[in-house]
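Okay, structure first, notes after.
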Amino acid sequence: MLTRVRVQNDSEIDELLKVIHPIWKEVFTPIIGSAQVAYMLENYQGKQMIQEEIDNGVYYYQLYYDDQAVGYTAYQITANYLYLSKIYIKQEYRGHGLMRQIFDWYDQLSKELSLKQHLRVNQGNELAIAVYKKRGFKQVREDIVDIGEGFQMVDYIFEKNS
């Protein structure tokens, strides 16, 4: 059974970073290259940025399976939707139904809040796109954002009604 532990303080963020770095390198290096992965880990998934996001209402959770840290997820509640910001499982734990448990939880949360779900995914992340489509998400648009240092996030925006 998958368990979620909310991340709120410095030591919990330090533990979370031990999961974030290997996952991001494994998932994104083949898609966007190691230079952009390093840039994004420093500027978007570094300790200070995670703390700022938590302070601004983003809920981060470390995910555990059989007492092992296996991934993490984060979301934010907005006026218009439940924004699923991060959903990651370590490679060796994929295929165990953990994503299904995460999405079941998000489905329940979006129903309780009466909000549709909203997320962004890199256009090259075919595995994640397939998972989102299987879970009923629909692509609503493309989004390309300049993130500095010559890098871009080239994403699709997906939504799902509650």
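Does the stretch 33-73 come out rounded, prolate or oblate by the C-alpha gyration tensor, with a ≥ b ≥ c the root eigenvalues, rounded set by a/c under 1.5 and, if not, prolate when a/b is larger than b/c and oblate if not? Taking the square roots of the gyration eigenvalues as a ≥ b ≥ c, the stretch 33-73 is oblate. The alpha-carbon atoms of the chain, seen along their principal axes, cover 39, 37, 33 angstrom, with the largest extent given first. Placing a label point 7 Å from the Cα of I77 along the Cα-to-Cβ line, the residues of the stretch 113-139 whose backbone N sits under 13 Å from it are 113-116. How high is the relative contact order of the chain? Use alpha-carbon pairs under 8 Å, at least six apart in sequence, and give a whole percent. In percent, rounded to a whole number, it is 19.
So what is the accessible area of the stretch 104-162 per residue, in Å², with the probe set to 1.4 Å?
On a per-residue basis, the stretch 104-162 sits at 58 Å².
Relative protection proxy for 1-8, 112-119, from highest mean packing down: 112-119, 1-8 (other beta-carbon atoms within 10 angstrom).
A Cβ-based charge dipole, computed about the Cα centre of the chain with Lys and Arg at +1 and Asp and Glu at -1, lands at about 740 debye.
Kindly identify the stretch 1-52 as rounded, prolate or oblate by the Cα gyration tensor criterion: order the square roots of the eigenvalues as a ≥ b ≥ c, call it rounded if a/c is under 1.5, otherwise compare a/b with b/c, prolate if a/b is larger, else oblate. Kindly include the intermediate steps, with their values, before the conclusion.
Values: a/c = 3.04, a/b = 1.48, b/c = 2.06.
Because a/c hits 1.5 or more and a/b fails to exceed b/c, the stretch 1-52 counts as oblate.
Largest mean-square fluctuation among E52, E126, E149, in a Gaussian network model of the chain whose springs join Cα atoms under 10 Å apart, belongs to E149. Report the calculated FRET efficiency for Q108 and E149 (r = Cβ-Cβ distance, R0 = 30 Å), to the nearest 0.05. The value I calculate is 0.15.
Using a probe radius of 1.4 angstrom, the carbon and sulfur fraction of the accessible surface of the chain is 45%.
The chymotrypsin sites (Phe, Trp or Tyr not before Pro) found in the stretch 36-119 that occupy coil by DSSP, while having at most 16 further C-beta atoms within 10 Å, are Y44.
Listed by number, the DSSP H helices of the chain that run 15 Å or longer by alpha-carbon position along their axis and have mean Kyte hydropathy of at least -1.0 are 10-32, 98-113. Remark: the stretch 73-81, residue by residue, has Karplus-estimated 3J(HN,Hα) of 8, 8, 8, 9, 9, 10, 5, 10, 6 Hz, where x stands for each Gly or Pro and the curve is 6.51 cos²θ - 1.76 cosθ + 1.60 at θ = phi - 60°.
Considering only Y93, Y39, Y64, and ranking their Cα positions along the charge dipole of the stretch 5-162 that arises from unit charges at the beta-carbon of Lys, Arg, Asp and Glu, the one farthest toward the positive end is Y93.
By the gyration tensor of its Cα atoms, with a ≥ b ≥ c the square roots of the eigenvalues, what is the shape of the stretch 88-162: rounded for a/c under 1.5, prolate for a/b over b/c, or oblate? Taking the square roots of the gyration eigenvalues as a ≥ b ≥ c, the stretch 88-162 is oblate.
The values are calculated or read from the model by the stated rules, or taken from the named source; none is laboratory data. These numbers were taken from a predicted model, which means no experiment stands behind them. FYI the Cβ positions are ideal-geometry reconstructions off the backbone, even for glycines, and counts take in every protein chain you see. The accessibility values were calculated without ligands, DNA or RNA, using every heavy atom of the protein model including side chains. Shrake-Rupley method; radii C 1.70, N 1.55, O 1.52, S 1.80 Å.
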